[in-house]
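For reference, the structure is listed below as structure tokens.
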Amino acid sequence: MSNINYRSVRPLIDSAAPHLFIETYGCQMNVNDSEVVLSILQKAGFTLCQKPEDAALVLINTCAIRDNAEQRILGRLEYYRQQKKRNPHLLVGVLGCMAERLKDKLLENPVVDLVAGPDAYRDLPRLVGILGASGEKQINTLLSHEETYGDISPVRMDPNGVSAFISIMRGCNNVCSYCVVPYTRGAERSRDPESILREARELFEAGYREVVLLGQNVDSYSYGETGFARLLAKVAEISPLLRVRFSTSHPKDMKDEVLLTMAAYPNICKHIHLPVQSGSNAMLEKMRRRHTREWYLERVARIREIMPDCSITTDVIAGFCGETEADFEDTLDLFRQVKFDAAFMFQYSERPGTLAARHYPDDVPPEVKTERLERIIALQNKLSAESNRRDVGRCFEVLAESFSKRSQNDLMGRTSQNKACVFPAAGHHIGEYVTVLVKDSTPATLLCEVVE
Ligand code: SAH
Ligand code: SF4
Ligand code: F3S
């Protein structure tokens, strides 16, 4: 659950303003969407609160990517069913990808009063207004070909004020056979670069020192003459003190032009998240990723040729339809070859309505999926530990973004390569660039001291 810790902004209506609680699940784009929703509802008179018990309206921004993501939301709805017994006036809305996937089926659940899909957030004040006045359940799950929320300034919920997400596009035009996103987020559309630049400039002026440009496939960003490489350069030119990150790159679309742009600007972070999904050509074909293992390895080689210090992270799915032991060995082998710095690893979860669900049986037994997932996690833990160990003895410039989870005496900052560094806070503050020397490492963290 994203724990919303929000610095107070003057409410737009009086202190009797209704209180809103938002909880967010899923990817970074969902986190950013919740900030858009807050902006829209704040203008309509709502005030954010920290605890669901204080809220008149609870909104759950949901994810549908795997079955376990949806099970978690159903657990939250059960929690709110209990809450409603204590407070019958509480209103509960479901937003995001699960809302879009299940539509009015969600309204059959007695706890759900409102359902709004990812392109329907401008309609929330109207929907909530009718719901509040009449008590009648409301739904809007229309998808749009144009909506980018480009003119809306998201209200940031992270209390540190250092790093902010900027969605540069919405939707996805790929049809990876396992994936529900094209159905829940609709067709791909790119946001006007002027509105992206304005938002990034405003964030920098407000003290932010990092922006993360978000899209399901940033390499296919296209608005008039502006492609992704050009957009990256323009954002990087706002200030050398503003770090620029982005996610997600698709191996089939990642171009040298983007790599050369990254290399040309020191403030574009040297990290590429490049999901591979599988190391087997047979699986990649069935997944409709539209590239081969050889193509992927060539892209990795090109990244390292142009930026030897660039980190590469990935996503992988274990146990996709028909995956044999030999296919899975190909994935392990690719991991060993590439030596990823980090990875998000998942078991295949069939999503209703997708190409895979319609055409291929989900035939890898659950225990085999689990066993393969465990093997790839064990391998990646080793690779992550080795990657971090290679940094011991090196110096990095990090951007301090929060206190360390363990101690208020330490700060956490990231290297350009997106590795978390922990170092003594004394004399330094959140939002500052600090040069550190890596003294030791764990698979997840670099333990550092400050270089004066
Ligand atoms: N747009 C990104 C991925 C977004 S979804 C891309 O194309 O790379 C994030 C990750 O969830 C995917 O990379 C994939 O590894 C995983 N994922 C997607 N659908 C899944 C499914 N049905 N089962 C298991 N993992 C899945
Ligand atoms: Fe899903 Fe593929 Fe689009 Fe990524 S590129 S969101 S995996 S369909
Ligand atoms: Fe989940 Fe939707 Fe993101 S399905 S991963 S919240 S795009």
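Computed from the coordinates by the stated procedures, all read-outs in this text should not be read as laboratory data. It should be emphasised that the depicted structure is a prediction, and the values quoted were computed from it without experimental measurement. When we count neighbours, we look across all protein chains shown, and the Cβ atoms used for this are built from the backbone with ideal geometry, even at glycine.
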In debye, nearest 20: dipole of the stretch 6-140 around its Cα centre with unit charges on the Cβ of K, R (+) and D, E (-)?
-> 220 debye
Dipole magnitude of the chain, debye to nearest 20 (Cβ charges: Lys/Arg +1, Asp/Glu -1, about Cα centre) = 420 debye
Treating only the Cβ atoms of Lys and Arg (+1) and Asp and Glu (-1) as charged, compute the dipole magnitude of the stretch 158-269 about its Cα centre; round to the nearest 20 debye.
-> 180 debye
Separation in nanometres of the label points that stand 7 Å from Cα toward Cβ, at His145 and Asn68 = 3.9 nm
Phi angles of the stretch 179-193, converted by Karplus (6.51 cos²θ - 1.76 cosθ + 1.60, θ = phi - 60°) into ³J(HN,Hα) in whole Hz with x for Gly and Pro, give 9, 8, 4, x, 7, 8, 10, x, 6, 6, 9, 9, 8, 3, x
Ranking Gly150, Ser134, Ser163 by how far each Cα lies towards the positive end of the charge dipole of the stretch 126-177 (+1 on Lys and Arg Cβ, -1 on Asp and Glu Cβ), the top one is Ser134
Give me the log10 of I(q) over I(0) for the chain at q = 0.05, 0.11, 0.13 Å⁻¹, as the Debye formula computes it from C-alpha points; what are the numbers?
-> -0.18, -0.96, -1.33
Kirkwood Rh, Cα Rg: Rg to Rh for the stretch 158-269?
-> 0.98
Restricting to the chain, compute how many DSSP beta bridges are antiparallel as a %, nearest 5.
-> 35 percent
Under the helix-only model (-39500 (n - 2.57) for each DSSP H run of 4 or more, divided by the residues of the chain), the mean residue ellipticity at 222 nm, to 500 deg cm²/dmol, is -10500 deg cm²/dmol
Which pairs, out of Lys252/Lys382; Lys339/Lys369; Lys369/Lys405; Lys51/Lys405; Lys270/Lys439, put more than 26 Å between their alpha-carbon atoms?
-> Lys252/Lys382; Lys369/Lys405
For Arg390 and Tyr265, compute 0.36 nm times the residue count separating them, minus their Cα-Cα distance, and round to one decimal in nm.
-> 42.6 nm
